[in-house]
Amino acid sequence: MRVHSKSQQGFPAVGNEDNPVFNAIFNSLDVGILLADSKGFFLDMNDSFCRMTGYERRELLGQYFLTVVPEIQRDFTNYTFNSVMSSPVPRQTVIEFPIQRKDGHIFRVNCKLSVLTEPDGTRYMMVSITDITETNNYKQLLEETELATGIGGWQLDVQTNRLSCTEGMYKLLDTPRYNTMCWEDILSFVGNDAYLQFKQAVHLAVDKGIPFNIELDCSKCPSGKWIRAIGRPKQIFNRTIQLFGTFQDITQDKLVEQMLQLGQSKYRAIANSSLYAFILGKPDGTILETNIKARELFGYSEEEFRKLGRQGLVVHTPEIYQMLEERLSKGFVQGELIGIKKNGEQIPCEFSSVYFRDINGEDRMSTVLRDISAKKKTEEELKKLSGIARETLSPIIICDVNSRIQWINAAFTRVTEYTLKEAVGRRPEDFLYGEETDRQSIVDLIENKKAGRTFDTDILIYTKSGRKVWVTIQAQPQLDKDGKVSGYFAIGIDSTQRRISEEQILYHQKLLQQAESIAGLGSWETNLKTGVSIWSNEMYSIFGWDTENVVPTIGPQLSVIHDDDMEYVLNSIKDTIEGKGDFDIEHRIIRPDGNTRIIHSQGQLIKNNLGEPEKLIGVVHDVTSVKQAEEQLRNHEAALAEERVEHQRQIARATINTQEKERSDIGKELHDNVNQILASAKLFLSSPFLEGDEREKFTLKAAEHIHLAIEEIRKLSKSLVSPSAADLGIIETINDMIADIRWAQKIEINFNYAGIDEASLDYGLKLTIYRIVQEQMNNILKHAGASLINITLKEHGKKLILTLFDNGKGFDPQIRRRGIGFNNIINRADVFNGKVDIQSAPGQGCMVRVVFDM
């Protein structure tokens, strides 16, 4: 122990035997007082200081002042002592400080340091200490209560305009505790608009004594919170002298409320895409809303539903009335009923109906129906999200080291239904937990208590009547003067409604995700104030993003838009934000892998309670495959059109080639045959040496040649000129052609045409058949060397089939490609959508089969 040598030389002390009255007063003070020299060595102290530190006075005299300071605090304490003692101007310093007793126990005191200076300049340090352990315990309990409930307290002295705040207020406003809270701190936290609203309420409370309970929207500020501000004036002679109030963080309640509103919007969208009929109405039977399936099922329009009401939709039986009463008493009913369509048809329906109150407190009935004459199962009805309480008092419980309850507040009784008398002395696990309480949660809670940890947890408890309640618990150990756990106090928040709401929201989110996955749709929403976005899993898939590396913001969503489409997309979004209507656009994106996709994007604006733009929500559908299919279809149609044009060109070329061939054949026929016949006739007629019988003989010979030439010209004309529409009989014409061939050549020709109704055949089709037969007969006579030809013309169903067969020498279709003759046949048949099939082989003749649609 460090001892100052001068302390043994009678250094002056505060107490003095010559002044017993002063000594009695000095030692009777509750405040501990000590005197130290400029070096920090104890000169004197009173009895209260010795009692607080556990030392005898003789043990402390001459000791260094750090003797009663915890080791971890000694550097700072030494610095503080030297700073105060060396200050040019002696000053008084007040500080909260830890003191270590002789037995090692550490407690906190409020220290007042005063520097005393003698005429010779010698300085002494006078220290007075007050034990603030009990005060700190109460203060800590208040602070923990405020922190657990998100509440901060404040007090305004109207006369001095001095603002005092609790620890919870500093924590809520995120302001350093060593700063003095002022109006500017509140302004910077809540923002200008909310601050003006708060100041107006404060002025009314001060001027007119009106208490207030208002909600402040600070979501536009960096804090991003919602605050409930409560103020109560204290008046004397109708004049406000003080104003007491609290700030409470109600951000979670507001977020839940906004999620409820968004959930209702999505709920209606899901309802309209549902496979089942949905009707929203009032208990009296008034119909407010129906979905598309309901209108399809009953055949009524939305307006007709509202006019009709429930009375005209169902057959009212005693069972129906009973189920309606059950719905009102239980809030839910399901069963079967007989529906009545607009056309009077009655259909059996299975239904489920829910009674609830909407966010405006109006009674509503939500009913889902399906036609069970064609379907087997019922889809579970959709439920409206219920409201969550905005303000609740938190139950508090204090237990000893053995977990036995010592004290509960009124909120605990309200939540659990157990009174203070019923709860004291019992452990929570003995009566608050039940079958559905998670066993592992109970084990963890008990272990945390035994280990002296601060912890929080959610746990299911059972009330006295057996009602199940979810409670969020925050527990803090209580320590005795030796730092050992002497008990626990816990603050609970009734989180039953929040748990139910979360489960419902997760359920509806799961349904929405399943619907998006099935439909290939990605959904998104963007907060216009913060720029933060929420994307569904399908959104990541469509845009080719990694869910682990891409943060949902508007940036990535815009960065992948094709440069040529960027202005169009931005203008569409801008128009929607400016209130010009929803956008419904198609544009291109370039995914991270370089793949270009085409998406169909739809979006709409969500406004807040003040009518200001707050969010954009929308869906995205990848339509690349659809667009590619459309492009392929267009290309295919263009190719077909080009093919038809090419067919027309081929027909035109074949026609020209045929005409040229016919001209050549006519020229050859006239030159080689008719010309020779006429030349012979001229020779017979022009001989100068013929007379008498010889001349007559030669004249007759010339006449025969001339008659032969006329007959040849007639045949040639007949083969070239098409029979007139009035004269053409396809059967008769083909028979005439066959007769001419039989007269000129020795060949067997059979023509089978049984069952043909010529009157039902188009003139152009009959002419085409005639030309095809004529063309193939010419091919056979010129090239085949056949002795037999079979021609068949028959109707089969809605088909007209022409077949020409010969037993000639045939040919290999793979070697001998289609010549002009076959091309003529194919092109003529194509004009009437006819299909030509040519079968042949060397030595096996040839068969030409043409099929026309009738």
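Summary table
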read-out: Enumeration of residues in region 204-222 that are surrounded by 14 or more Cβ atoms within 10 Å (Cβ to Cβ) and out of contact with any Leu (no Cβ under 8 Å at 6 or more places or on another chain); value: L204, G209, P211, I214, E215, L216, D217, C218, S219, K220, C221
read-out: Candidate set from region 426-452 (those that are among the basic types (K, R) and either at pLDDT below 85 or touching a helix residue (DSSP H, G or I) at 6+ places or on another chain (Cβ under 7 Å) (or both)); member that is nearest to A475 (Cα to Cα); value: K449
read-out: Entirely in region 283-352, the helices (runs of 4 or more DSSP H) that have 3 or more residues that are under 21 Å from R364 (Cβ atoms), touching a helix residue (DSSP H, G or I) at 6+ places or on another chain (Cβ under 8 Å) and not polar (S, T, N, Q); value: 292-298
read-out: Checklist (1) aliphatic (A, V, I, L, M); (2) crowded, with 18+ Cβ neighbours inside 10 Å; (3) assigned to a strand (DSSP E or B) applied to I534, failing item; value: (2)
read-out: Subset of region 740-763 (residues that are surrounded by 11 or more Cβ atoms within 10 Å (Cβ to Cβ) and outside any loop (DSSP other than H, G, I, E, B)); value: D740, I741, R742, E748, I749, N750, F751, N752, E758, Y763
read-out: Those residues of region 489-504 which are under 17 Å from K468 (Cα atoms) and small (G, A, S), in sequence order; value: G492, S495, S501
read-out: Top-ranked residue of region 84-95 - restricted to ones that are loosely packed, with under 12 Cβ neighbours inside 10 Å and more than 13 Å from L116 (Cβ to Cβ), ranked as modelled with the lowest pLDDT; value: V89
read-out: Residue match in region 128-141 (condition: in contact with a helix residue (DSSP H, G or I) (Cβ under 8 Å, 6 or more places away or on another chain), more than 23 Å from D37 (Cα to Cα) and either without any contact (Cβ under 8 Å) to a residue 60 or more places away in the chain or of a type in the set (V, I, T) (or both)); value: yes
read-out: Inter-residue pairs, beta-carbon under 8 Å, first over 18 Å from S572 (Cα atoms) and in region 596-617, second crowded, with 18+ Cβ neighbours inside 10 Å and of a type in the set (V, I, T), 6+ apart; value: T596/I589; R597/I542; R597/I589
read-out: Flag for L382 being surrounded by 13 or more Cβ atoms within 10 Å (Cβ to Cβ) and either modelled with pLDDT of 85 or more or in contact with a Lys or Arg (Cβ under 7 Å, 6 or more places away or on another chain) (or both); value: no
read-out: Some residue of region 72-81 being touching a strand residue (DSSP E or B) at 6+ places or on another chain (Cβ under 8 Å), loosely packed, with under 15 Cβ neighbours inside 10 Å and within 22 Å of N136 (Cα to Cα); value: no
read-out: The listed residue being in contact with a strand residue (DSSP E or B) (Cβ under 9 Å, 6 or more places away or on another chain) and under 30 Å from A194 (Cβ atoms), out of V623, V532; value: V532
read-out: Filter result (surrounded by fewer than 18 Cβ atoms within 10 Å (Cβ to Cβ), at pLDDT below 70 and farther than 28 Å from G339 by Cα) within region 234-264; value: Q261, L262
read-out: Residue list for region 599-636, restricted to those being assigned to a strand (DSSP E or B) and more than 16 Å from S523 (Cα to Cα); value: K607, P613, E614
read-out: Among (1) part of a loop (DSSP other than H, G, I, E, B); (2) within 43 Å of the chain's Cα centre (by Cα), the one test that G483 misses; value: (2)
read-out: Qualifying residue in region 804-819 (condition: assigned to a strand (DSSP E or B), out of contact with any helix residue (DSSP H, G or I) (no Cβ under 6 Å at 6 or more places or on another chain) and not aliphatic (A, V, I, L, M)); value: yes
read-out: Test: residue in region 449-469 that is over 26 Å from E144 (Cβ atoms), free of Cβ contacts under 8 Å to residues at least 60 places away in the same chain and assigned to a helix (DSSP H, G or I); value: no
read-out: Residue list for region 537-570, restricted to those being part of a loop (DSSP other than H, G, I, E, B), under 27 Å from P222 (Cα atoms) and out of contact with any helix residue (DSSP H, G or I) (no Cβ under 8 Å at 6 or more places or on another chain); value: E548, N549, V551, P552
read-out: Test: residue in region 587-594 that is out of contact with any strand residue (DSSP E or B) (no Cβ under 7 Å at 6 or more places or on another chain) and either under 23 Å from G224 (Cβ atoms) or not assigned by TED's automatic domain parsing to the domain that holds L506 (or both); value: no
read-out: Selection within region 87-139 - among the basic types (K, R) and either over 19 Å from G40 (Cα atoms) or under 60 Å from the mean Cα position of the chain (by Cα) (or both); value: R108, K139
read-out: Any chance Q474 is of a type in the set (S, T, N, Q) and either free of Cβ contacts under 8 Å to residues at least 60 places away in the same chain or exposed (fewer than 14 other Cβ atoms within 10 Å of the Cβ) (or both); value: no
read-out: Any hit, region 142-150, residues being surrounded by fewer than 18 Cβ atoms within 10 Å (Cβ to Cβ), touching a helix residue (DSSP H, G or I) at 6+ places or on another chain (Cβ under 7 Å) and closer than 30 Å to T472 by Cβ; value: yes
read-out: T655, sole failed condition from (1) at pLDDT 85 or above; (2) closer than 30 Å to E775 by Cβ; value: (1)
read-out: Some residue of region 577-600 being surrounded by 13 or more Cβ atoms within 10 Å (Cβ to Cβ) and hydroxyl-bearing (S, T, Y); value: no
read-out: Residues located in region 758-774, provided they are closer than 17 Å to I826 by Cβ and not polar (S, T, N, Q); value: G764, L765, L767, I769, Y770, R771, I772, V773
read-out: Any hit, region 55-66, residues being farther than 29 Å from G121 by Cα and in the same structural domain as D103 (by TED's automatic domain parsing); value: yes
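The values are calculated or read from the model by the stated rules, or taken from the named source; none is laboratory data. Everything numeric here is computed off the predicted structure, so don't read it as measured data. Neighbour counts are summed over all protein chains in view; Cβ atoms, including those assigned to glycine, are modelled from backbone coordinates with ideal geometry.
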